[in-house]
Amino acid sequence: MSLMRLQKFLSQAGVCSRRKGEEYIKAGLVRVNNTVVSELGTKIDPVSDRVEFKGKIVVPENNFVYIALNKPKGYVTSCSQPGEKIVLDLIDIPQRVYPIGRLDKDSTGLLILTNDGNLHNRLLHPSFDHEKEYDVTVSSPITDGALKKIAGGLPMMGTKTRPAEIIRRSPRRFRIVLKEGKNRQIRRMVRKVGNHVTQLKRLRISNIELDRLKKGTWRYLTEKEIKDLTTQWN
């Protein structure tokens, strides 16, 4: 008999991330063999134990799904937000998937969604160091000095942003490659140098590129993309 931590089971079954699973367990939303389990660290037998989340039986997901979506403006990356259009509305598949990371409501471009809880946790972990590339348009011409400041790192949220790679495309447009993902980071950095973002589009996450994917549409990742993405931690 191989035992597994309950939050890991929920993650591998595609219910949620491990961290979110811990919150659900503490909130009393998970039952094992008809008994509410609220203690973190509880281990189960994934073969013989019956696990329920919010009254529904959790079945381990054998086939993971990996999706690239071109998020349109006006959609939020939350799985549920009353009164808002959410990215899951754009994907009609039987599996339940979750967006990896954020892309704010006014931004567009590449978003990866999956039911692979392990990959979800790894891609969000600060030590992963994966690149994210964006195309940025600002309201007024931005100076070379301002771009140099952004590239070198700026104080934000009690720390300093990591160095970034920047390529100018025009007086008001540039591309930037980040290796971190602070909340609304690019918009806040641009404000710190006295400008304002008018358009923000994510072009790439690690080895996954937006390419010619039309706005509001999605595709499954290729086997090579999945292999490259999931073996970076091996």
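Bear in mind that the values in this text are calculations on the coordinates, not laboratory data. Small disclaimer: the values here were computed from a predicted structure and weren't measured. As a convention, Cβ positions derive from the backbone with ideal geometry for all residues, glycine included, and neighbour counts pool all protein chains shown.
Descriptive notes on the structure:
- A simple charge model with +1 on the Cβ of Lys and Arg, -1 on the Cβ of Asp and Glu and nothing else charged puts the dipole of the range 1-156 at about 360 debye relative to its Cα centre.
- Whole-Å semi-axes of the range 1-115's equivalent ellipsoid (Cα gyration tensor): 30, 15, 11
- Using the rule -39500 (n - 2.57) for each DSSP H run of four or more residues, divided by the residues of the chain, the 222 nm mean residue ellipticity is -5500 deg cm²/dmol.
- Inverse mean reciprocal Cα-Cα distance (Kirkwood Rh) of the range 84-234, Å: 16.6 Å
- Classification of the range 85-162 by its C-alpha gyration tensor yields an oblate form. The axis ratio a/c (a ≥ b ≥ c) is 1.5 or more, and b/c is at least a/b.
- Entries in Lys192/Lys215; Lys182/Lys214; Lys71/Lys214; Lys20/Lys179; Lys20/Lys85 that, when Cα-Cα distance is taken, lie over 20 Å: Lys192/Lys215; Lys182/Lys214; Lys20/Lys179; Lys20/Lys85
- Spacing of the modelled spin labels on Asp228 and Arg212, each 7 Å from Cα toward Cβ, amounts to 1.8 nm.
- Per-peptide average of other Cβ atoms within 10 Å, ordering 213-219, 35-41 highest first: 213-219, 35-41
- Pairs of Cα atoms farther than 16 Å apart, the range 93-133, %: 43 percent
- As a length-normalised measure over Cα pairs under 8 Å and 6 or more apart, the relative contact order of the range 104-234 settles at 34 percent.
- For Ser38 and Glu131, the difference between the fully extended length at 0.36 nm per residue and the C-alpha to C-alpha distance is 29.8 nm.
- Ignoring aspartates and glutamates fewer than eight residues from Lys227 along the same chain, the ones with Cα atoms less than 20 angstrom from its Cα are Glu61, Asp116, Asp129, Glu131, Glu209, Asp211.
- The range 174-193 and the range 109-139: distance between their alpha carbon centers, rounded to Å: 14 Å
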